[in-house]
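Trainee: This is the structure, below, for whatever I ask next.
The values are calculated or read from the model by the stated rules, or taken from the named source; none is laboratory data. What you see is a predicted model; the values in this text were computed from it and never measured. Note that we place each Cβ from the backbone using ideal geometry, even for glycine, and neighbour counts take in every protein chain shown.
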Amino acid sequence: MTRLTVIIPAYNREKHIGRTLESVLAQTYAHFDLILVDNASTDTTPALLQAFAERCASHPSMRVTLLSESRHGACAARNAGLRFAATDWVIFFDSDDTMHPELIERYAQAIDTHGDSLDIIHVPSRVVDAVTGSTTVRKAVTAHYLACQLHHSFLSTQCYAVRRSLIEAVGAWDEKLMGWNDWELGTRLLLASERVMSLATEPLVTITSHPTSITGTRVSDKPDTWLAAIEKVRADIDRSGRPDRNRLLSIVEYRRLVVAGLCTKEGARVGKEIYEATLRHLPRRLRPLFALLYRYIAIGGKGGSHILNAALRLLRL
């Protein structure tokens, strides 16, 4: 039987992690290792993790390991768990989200059937806004993986299993990035391998968006965090030497434009500054389009990525 490793970092998650751990325990497929990494929590999270590990001590097939990582940041904690992992495939998960009971079973089935030809297995997810109660479904992705990652970050932390040798080969999680690190890592993974399967199922992960999550709910709260990730992705693509490099970099600059437009929409003056910096990165023929898209995003417009993609096709980028 295929055995996988699930890695969950936790920092001050006493109000949320119980729900996450119960969803792990409810899995229909139990042949996996669970690595829980406390990231220097100051609340009761370490005690909750310890209690859960003791509760699972007699489990017939699930093995639970507790680790502690004092360096700040989820990426440092994830890398600590990765270094301890011994299986060929790993799954990263966040401490405030939940798994569908069949999540790990679906991964194991895909690996057993197609594993020799795969490096990444993606699953659809459901995103719930804890404040408004609104729900969004992120569907399966079947083509144009790298462009889709740049636009929509479909390889978010909770939504894929990855071959351990691949994630180690690309350098694992960038511990310098405090946000959008899954977007950056997913891009690096796809630059190295597009041997991807996206399972066409109902959502198998529920992601809860709330003000205390790593990403928060307002882009303008920490724009420098998002811009640091954008600069890193830009460098990743620059180094790749891909023939479609210019097109991919245009999509990266659109991501910067989205930050600018959303900051402006939220009333932050930094939005205009980011917009002006974005134009400086662009070839002249794209500037009028990006100027229109900025204004469109700033007034709440949706679907700008479709407009951009159509324009890039017309310009043969």
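Trainee: Take the conditions among the charged types (D, E, K, R), surrounded by fewer than 23 Cβ atoms within 10 Å (Cβ to Cβ), assigned to a helix (DSSP H, G or I) and without any contact (Cβ under 8 Å) to a residue 60 or more places away in the chain and apply them to E54. Does it pass?
Mentor: yes
Trainee: Given the condition in a loop (DSSP other than H, G, I, E, B) and out of contact with any Pro (no Cβ under 8 Å at 6 or more places or on another chain), answer yes or no: does some residue in the range 25-35 qualify? Steps first, answer last, please.
Mentor: Step one: filter the range 25-35 for residues in a loop (DSSP other than H, G, I, E, B), giving 26-31.
Still in the list and also out of contact with any Pro (no Cβ under 8 Å at 6 or more places or on another chain): 29, 31.
Within the range 25-35, one or more residues are in a loop (DSSP other than H, G, I, E, B) and out of contact with any Pro (no Cβ under 8 Å at 6 or more places or on another chain).
Trainee: What is the residue count in the range 279-313 for residues that are of a type outside the set (F, W, Y) and under 14 Å from I251 (Cα atoms)? It would help to see each step written out before you state the result.
Mentor: The first filter runs over the range 279-313 and keeps only residues of a type outside the set (F, W, Y), leaving 279-289, 291-293, 295, 297-313.
Narrowing the set further to residues that are under 14 Å from I251 (Cα atoms) leaves 279, 281-283, 286-287, 289, 293, 303-313.
So the answer is 19.
Matching residues to (1) modelled with pLDDT of 95 or more; (2) under 22 Å from the mean Cα position of the chain (by Cα); (3) of a type in the set (S, T, N, Q); (4) within 24 Å of L103 (Cα to Cα):
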{"residue": "V24", "(1), (2), (3), (4)": "yes, yes, no, yes"}
{"residue": "A30", "(1), (2), (3), (4)": "no, no, no, yes"}
{"residue": "V37", "(1), (2), (3), (4)": "yes, yes, no, yes"}
{"residue": "L49", "(1), (2), (3), (4)": "yes, no, no, yes"}
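Trainee: Report whether or not A110 is in contact with a strand residue (DSSP E or B) (Cβ under 6 Å, 6 or more places away or on another chain) and either in a helix (DSSP H, G or I) or surrounded by fewer than 20 Cβ atoms within 10 Å (Cβ to Cβ) (or both).
Mentor: Working: in contact with a strand residue (DSSP E or B) (Cβ under 6 Å, 6 or more places away or on another chain): yes; either in a helix (DSSP H, G or I) or surrounded by fewer than 20 Cβ atoms within 10 Å (Cβ to Cβ) (or both): yes.
Yes.
Trainee: Another question, if that's okay. Any residue at all in the range 115-122 that's within 28 Å of T44 (Cα to Cα) and not in a helix (DSSP H, G or I)? Outline the logic, then answer.
Mentor: Kept after step one, since they are within 28 Å of T44 (Cα to Cα), are these residues of the range 115-122: none.
No, the conditions are met nowhere in the range 115-122.
Trainee: Go over the candidates A235, A260 one by one and state the one that is small (G, A, S) and surrounded by fewer than 19 Cβ atoms within 10 Å (Cβ to Cβ).
Mentor: Values: A260 fails: surrounded by fewer than 19 Cβ atoms within 10 Å (Cβ to Cβ).
A235 is the lone residue from the list that is small (G, A, S) and surrounded by fewer than 19 Cβ atoms within 10 Å (Cβ to Cβ).
Trainee: Find the residue count for the range 7-45, including only residues that are closer than 20 Å to A110 by Cα and touching a Phe, Trp or Tyr at 6+ places or on another chain (Cβ under 6 Å).
Mentor: The qualifying residues number 1.
Trainee: Now for a separate question. Of the conditions (1) outside any helix (DSSP H, G or I); (2) of a type in the set (K, R); (3) under 13 Å from Y254 (Cα atoms), R316 fails just one. Which one is it?
Mentor: All conditions pass for R316, except number (3).
Trainee: When only residues in the range 250-284 that are touching a Leu at 6+ places or on another chain (Cβ under 8 Å) and polar (S, T, N, Q) count, which is nearest to I299 (Cα to Cα)?
Mentor: T278
Trainee: Among the residues of the range 132-149, is any of a type in the set (S, T, Y), over 27 Å from A10 (Cβ atoms), assigned to a loop (DSSP other than H, G, I, E, B) and not assigned by TED's automatic domain parsing to the domain that holds K272? Outline the logic, then answer.
Mentor: Of the residues in the range 132-149, the ones of a type in the set (S, T, Y) are 132, 134-136, 142, 145.
Keeping just the survivors that are over 27 Å from A10 (Cβ atoms) gives 142, 145.
Then keep just the ones that are assigned to a loop (DSSP other than H, G, I, E, B); that gives 142.
Now narrow it down to the ones that are not assigned by TED's automatic domain parsing to the domain that holds K272: 142.
Yes, some residue in the range 132-149 is of a type in the set (S, T, Y), over 27 Å from A10 (Cβ atoms), assigned to a loop (DSSP other than H, G, I, E, B) and not assigned by TED's automatic domain parsing to the domain that holds K272.
Trainee: Residues that are over 30 Å from E22 (Cβ atoms) and within 16 Å of the chain's Cα centre (by Cα), at least 1 per element: which helices (runs of 4 or more DSSP H) completely within the range 202-289 meet that?
Mentor: Values: elements: 223-240, 245-265, 270-281.
In the range 202-289, the matching helices (runs of 4 or more DSSP H) lie at 223-240, 245-265.
Trainee: Now for a separate question. Would you call A172 surrounded by fewer than 22 Cβ atoms within 10 Å (Cβ to Cβ) and not in a helix (DSSP H, G or I)?
Mentor: yes
Trainee: Among the residues in the range 72-82, are any in the same structural domain as I111 (by TED's automatic domain parsing) and in a loop (DSSP other than H, G, I, E, B)?
Mentor: Our first condition is that a residue be in the same structural domain as I111 (by TED's automatic domain parsing); within the range 72-82, this holds for 72-82.
In the following step, the residues that additionally are in a loop (DSSP other than H, G, I, E, B) were identified as 72-73.
The answer is yes, given that some residue of the range 72-82 is in the same structural domain as I111 (by TED's automatic domain parsing) and in a loop (DSSP other than H, G, I, E, B).
Trainee: Same structure again: Restricting the search to the range 166-198, which residues are touching a Lys or Arg at 6+ places or on another chain (Cβ under 6 Å) and farther than 13 Å from Q149 by Cβ? Explain how you work it out, then say what you get.
Mentor: Applying the first criterion (touching a Lys or Arg at 6+ places or on another chain (Cβ under 6 Å)) to the range 166-198 yields 170, 173, 184.
Across the range 166-198, the qualifying residues are V170, W173.
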